[in-house]
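Notes follow the structure.
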Amino acid sequence: MSETLLDVENLRVSFTTRTGTFEAVRGISFTLGRERLGIVGESGSGKSMTGRAILRLIRPPGRVEADRITMHGEDVLAATETRMRQLRGGRVSMIMQDPKFSLNPVMTVGQQLVESLRAHEKLARSECRKRAIAMLDEVAIRDPERVMGLYPHEVSGGMGQRIMIAMMLLPGPEILIADEPTSALDVSVQLQVLDIMDQLVKTRGMGLIFISHDLNLVAKFCDRIAVMYAGRIVECCKASELHKAQHPYTLGLLNAVPDLEHPRPRLEVLQRDPAWRDALSVSART
Amino acid sequence: MTDVTNGEGRRGPSFAPWLIKTVATLVTVAVTLLGLLFVTFMIGRVMPIDPVLAVIGERATQAQYDATYLELGLDKPLLVQFGIYVSDVLQGDLGKSIRTGQQVTTDIARVFPATLELATLGTLIGVAIGVPLGVLAAVKRGSWIDQVARLVGLVGYSMPIFWLGLVGLLLFYGILGWVAGPGRVGIFYQGIVEPITGMLLVDAALRGEWVVFRDAFSHIILPAALLGYYSLAYISRMTRSFMLEQLNAEYVITARVKGLSEWQVIWGHAFRNIRIQLITVIALAYANLLEGSVLTEIIFAWPGIGSYITTSLLANDMNSVLGGTIVIGSIFVGINILSDLLYRFFDPRAK
Amino acid sequence: MITANLRDWLLSDAPTSRRQARFASWYKGWLTLRSNTLAMVGLIVLALIILAAIFAPVLATHDPYAQDLGQRLLGAGQGGHLLGTDSLGRDIYSRLLYGARISIYIVLLVAMVAPLVGLIVGTVSGYAGGWADVVLMRITDIFLAFPRLILALAFVAALGAGIENAVLAISLTAWPPYARIARAETLTIRNSDYIHAIRLQGAGPFRIVTRHIWPLCISSLVIRVTLDMAGIILTAAALGFLGLGAQPPSPEWGAMISEGRKYILDYWWVATFPGLAIFAISLAFNLLGDGLRDMLDPKEDNA
Ligand SMILES: Nc1ncnc2c1ncn2[C@@H]1O[C@H](COP(=O)(O)OP(=O)(O)OP(=O)(O)O)[C@@H](O)[C@H]1O
Ligand SMILES: [Mg+2]
């Protein structure tokens, strides 16, 4: 992990609403190398906003501030909108929760894949098609020729998410943000989709930010874990050292999951301490 | 708006549900049209005008009166009379106009193209301005352009069309002299163009009579712009709300993540998703203009179906009034069905 | 002091009675509406027009019917006529004031008749279900299929011209949307537990519909009526303009435009002022209706 792909320092995302300013992300710092970083936290803790802020996709009334967001040393905050469009998709890509909503319902899978590639490379249509089909093959889709002509509602959820992965990896980005990529899927296909994503990320030597609220899943698929609570990172550790976690919130998350090997009579209910909210963010920089 | 079919088409490869749906739609249309005829039939019955006297005139003898009474079938039970009425209408017989002395069907065939021409041009104007305005208002929500779009809509919904027509005539014809006055074409150009479609602009263009075309254009542009304004108010408002809904959708974020330009995101993705809904809205706006042209035609002395109905109305010529009502009502129903079918045809999710 | 207490009582987080809760929700709605400038403009304009209608005899400078052929077609301000005179020498300003009475009269009548018809049809249809529902909804659709103005024209033609017949004709074309709304509301309420409870207590269908379902339909109907008011006014004016509504010498605004139409190129004001009056009142209704809709359903901003 010598090379730093992404460097974020003191990131804040706030929303101005009628009732005042709401801070969704409150000063977090992390770096990402060619590794898999997991971000875990409960609903509303600011995970998605972190992901979108990196792509500069927060729109008014939302506001992004940071001391630094750099990609390969390039300042993202100061980039022009044109440059930003090259970075989006070309350098960083993102997969969202539910392919039912994140694929355009009135465009065929093929149109959407080809469009994704053509946004970054000036290629002939036939060449784009060939690469798209090859990519579909890589995400283990059978009969990709046929799937190219299907509309999103005609494919299953697991297939939709694999198409999404194919689409986002097609222009060859080096960072992938996966925002709860399997929460909307059937349990039976979750692992399959994750395995495919993991495989691709590894063989391409990409950096992955895996956002989830399932701590065990993250521990299984990631190298490092950052735990977010109320817009801050409260704990950061190696996945292999999760059992050494200190923060009561992390422990709470661990204990709130049933464990087949060590059954307990009752699952613990997470008790939240108001003091966590005010504690300073832990840095997840390496 | 008629909601002729309830709910959207179902997914699935089987043929039967599709067939059932189509048959159900056809039955609904038939029932609606029958109801339409029943209403006009009843209106014809309750009127204080004696239908016999309307045919033979006041000075006829009692014998003539009785003969016509029987001929019109007025001695039969109401339901039988309705049956006769329906079968007449189905054969294209809407009765005779007392005012013009001709079959109402003939009259309507003569005047209808003028209305069609006006309403079509009006809708084109409404779409050409209303759709971009609505999209822009949604994209720049809350900005001045959004406010302008809102104002344009509110004023359109609040302005009496016949008054706006008068003021427009006063301003652009009376004071500025930019356009021609009332009527369809100047008196010197009347009857030059042999009708093909009955729509003067189209006919003049087809026959290459460009002088007539220019004159006709100068006559039609003001009433068409007026109608266009009304459909613009409606179309832009609907476009805006459809777009707002789409711009919040996740696939729009996906499109941005891919690195597409904002133009591509808006027109290539969000707008693509509202095209089908827009078809319905535009069809409805078009149907409304056919009706809205009644008042406009009077102001601009436009010889279309609106003028025909109102002139007949003032002359107590009920056959013409009810005939015109049936024609416009049927077109209304027809357009609604058509937009429904288009919807199902174009939406990949409905197949 | 009292006002402060009243405010606290109204904005309390924990209302102690049903009445307090209801007043509180109205008051909060009013606060939202009040912050909507355009809606307030609409409300004020509307209030002014209503006041003008009520105090027409006091505010009028002339008898609206008094003809004076020596004073015909005077411009605004000439001969002591604020907005000039029409082709029979009648004072336009005074006629506009009295015309407001006619417009408001028509709107109020339609706004009472049409929603009532729609309410009855819709709730019966929704509550009874089965064949009654199918038949009633088919009839509703048939009326919806008609172009409204043309249907109103045909009705007036059959019934004869005049204000009351115009009201009847407009009501006959205006009720179907209300029936749809009332039916939709009824369907959601019908199967609620509390209606089941009332039924178990032995209440009959008539009582359930009139005492328990109607009150819950009212608020959505009221919004819809407010939004429709402008349309009603425009239709009434159109009928007047066509000579099918109020009859001369009545100072109905649409009829006034019709009278002034012949002189539009030389004496523009005769037709222009009544048109402005129609525009003002329907714009006011539209602004208020928009505000009410925003207030009750902030996310829904389509027609
Ligand atoms: N447009 C907005 N205006 C105000 N607050 C917003 C807006 N968008 C998001 N938020 C707030 O930002 C906070 C963080 O949201 P975010 O989507 O990042 O949460 P999350 O951790 O991804 O949760 P989830 O697991 O539910 O996806 C939430 O509390 C949300 O209410
Ligand atoms: Mg999220």
For the protein assembly as shown, the Cα-Cα pair-distance distribution in 20 Å bins from 0, as whole percents, is 11, 34, 33, 17, 4, 0
Taking Lys and Arg as +1 and Asp and Glu as -1, residues besides C:Ala66 with C-beta under 9 Å from its C-beta add up to -2
Between the alpha carbon centres of the stretch B:250-299 and the stretch B:168-223 the gap in Å comes to 31 Å
Projected onto their principal axes, the Cα atoms of chain B stretch, largest extent first, over whole-Å spans of 86, 61, 39
Here the FRET efficiency for B:Gln102 versus B:Val148, based on Cβ atoms and R0 = 51 Å and rounded to 0.05, is 0.60
Here the convex hull volume per residue of the stretch C:55-296, taken over Cα atoms and given in Å³, is 143 Å³
Per the charge dipole of the protein assembly as shown (beta-carbon charges, Lys/Arg positive, Asp/Glu negative, Cα centre), the residue among C:Ala179, B:Phe217, B:Val139 reaching farthest to the positive end is B:Val139
Note to self: with every protein chain in place and a 1.4 Å probe, the protein assembly as shown gives an accessible area per residue in Å² of 46 Å²
Using a 1.4 Å probe on heavy atoms of the protein chains only, the accessible area for C:His212 in Å², nearest 10, reads 50 Å²
Ignoring ligands and nucleic acids, chains C and B bury, in total, an accessible area (1.4 Å probe) to the nearest 100 Å² of about 4300 Å²
In this structure, the FRET efficiency calculated for B:Ala30 and B:Lys76 from their beta-carbon separation, with R0 = 30 Å, to the nearest 0.05, is 0.80
Taking alpha-carbon centroids only, the stretch B:118-143 lies from the stretch A:198-246 a number of Å equal to 49 Å
Looking only at aspartates and glutamates whose Cα falls under 20 Å of A:Lys244's and that sit 8 or more positions away or on another chain, we get A:Asp214, A:Asp223, A:Glu235, A:Asp259, A:Glu261, A:Glu268
Counting only protein heavy atoms with a 1.4 Å probe and every protein chain in place, the carbon and sulfur fraction of the accessible surface of the stretch C:55-296 in whole percent equals 66 percent
Taking a crude spin-label model, label points 7 Å out from Cα along the C-beta direction, the A:Arg142 to B:Arg275 distance in nm is 3.3 nm
Cross-link reach from C:Lys28 to aspartates and glutamates, straight Cα distance under 19 Å and at least 8 residues apart if same chain, gives C:Asp8, C:Asp13, C:Asp290, C:Asp294, C:Asp297, C:Glu300
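Can you give me the relative contact order of chain C as a percent, contacts being Cα pairs under 8 Å and 6 or more apart?
22 percent
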Any lysines whose Cα falls less than 24 Å from that of A:Lys238, other than same-chain ones fewer than 8 residues away, would be A:Lys47, A:Lys202, A:Lys220
Of the convex hull enclosing the alpha-carbon atoms of the stretch A:74-164, the direction-averaged projected area in nm² is 6.6 nm²
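The values are calculated or read from the model by the stated rules, or taken from the named source; none is laboratory data. What you see is a predicted model; the values in this text were computed from it and never measured. Reconstructed Cβ throughout: ideal geometry from the backbone, glycine too, with neighbour counts over all protein chains shown. For accessibility, only protein heavy atoms count, side chains too; no ligands or nucleic acids. Shrake-Rupley method; radii C 1.70, N 1.55, O 1.52, S 1.80 Å.
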